[in-house]
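Here is the structure we will look at.
The values are calculated or read from the model by the stated rules, or taken from the named source; none is laboratory data. What you see is a predicted model; the values in this text were computed from it and never measured. Here the Cβ positions follow ideal geometry from the backbone for every residue, glycine too, while neighbour counts run over all protein chains shown.
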Amino acid sequence: MKTDRLIGILSILLQREKVTAPELAKQFEVSRRTIQRDIESLCRAGIPICTVQGTGGGISIMEGYRVDRTLLTAPEMQAILAGLRSLDSVSGTRRYAQLMEKLAAGTSTMISGGTHLLIDLSSWYKTSLPPKIELIQRAIEQYHMLRFRYFSPKGESARAVEPYYLVFHWSTWYVWGWCRTREDFRLFKLNRMTELCAGEPFSPRPAPLPNLAPERIFPIRHQVTVLFDPACRWRLVEEYGPDCFSVEPDGRLRFAGGFPDPDSLFSWILTFGDKAELLEPQELREQLGALTSALADRYRRD
């Protein structure tokens, strides 16, 4: 894209005393004529660029305008690169990493192969998520509606949404936008969308940032106590931290925590098989007992 190239050219000019048009053309894989037009665009934008013809000549920024090259340190540049590479892990391209490399062109110390921070935002849904993310990004940039069928615990529905933000949170991708069906801002999980398509243009409205506090998205309504087999320690540490349980005299683990609804609690406990016992509250213990009895009857019948 031209904008990316202009940013890259400006970055090189800020970092080097002088550069030639052929060097820039080779760096950005365009013609010298294209580079000349880019330099003219930068001049029209108010950047004081000088060009000197002949041997020893080249393109440079006038003295007094150049900014401090140490504005970004090498570790800071590496951190930015790691973030951009993480976006590439979603799209399956090197688009963002290539942009970063262009921004750091001309400085051998800024980007090296020695980065120690690797971030991969991809998931099990590598084939289905990237097209959705690309479509939503374009819809946000161009102010186009999103239409899709949505599946949630409350049922299936058709939605029309004005998208404003793509959100990566709780290891999952969401889109935040104004739902015309509910007439409110809502958060939608991409993996629950089907038949996703861009619709008609819309006039953007002031959009607040989503409040992603766990207590708002998953309000705690049930405080529970669960007794676990010692073999479950690794999962409790991984999911809730080492301070979420105490050790009983017999070695079992007493867990105390909160859940938004019985279904999420029951489905979680059942993943531990016979290595977990819900102690409190008594009402939920009875409901879980009835559920497990119904399951036992079903499998005995089969």
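Of everything in segment 265-302, what is touching a residue at least 40 places away in the same chain (Cβ under 8 Å) and not acidic (Asp, Glu)? Give them in sequence order.
The answer is 265, 269, 272, 275, 276, 278, 279, 281, 284.
Pick from 59, 47: which is in the same structural domain as residue 26 (by TED's automatic domain parsing), modelled with pLDDT of 85 or more and closer than 15 Å to residue 14 by Cβ?
On the way: 47 fails: modelled with pLDDT of 85 or more.
Unique residue meeting the criteria: 59.
Sort out which residues of segment 128-161 are out of contact with any Phe, Trp or Tyr (no Cβ under 7 Å at 6 or more places or on another chain) and among the hydrophobic types (A, V, I, L, M, F, W, C), and write them in order of number.
135, 136, 139, 146, 148, 151, 158, 160
If you take just the strands (runs of 3 or more DSSP E) that sit entirely in segment 215-293, which of them hold at least 3 residues that are of a type outside the set (Asp, Glu), surrounded by 12 or more Cβ atoms within 10 Å (Cβ to Cβ) and under 36 Å from the mean Cα position of the chain (by Cα)? Let's see the steps before the verdict.
Working: elements: 222-228, 245-247, 253-259, 276-280.
Ranges flagged: 222-228, 253-259.
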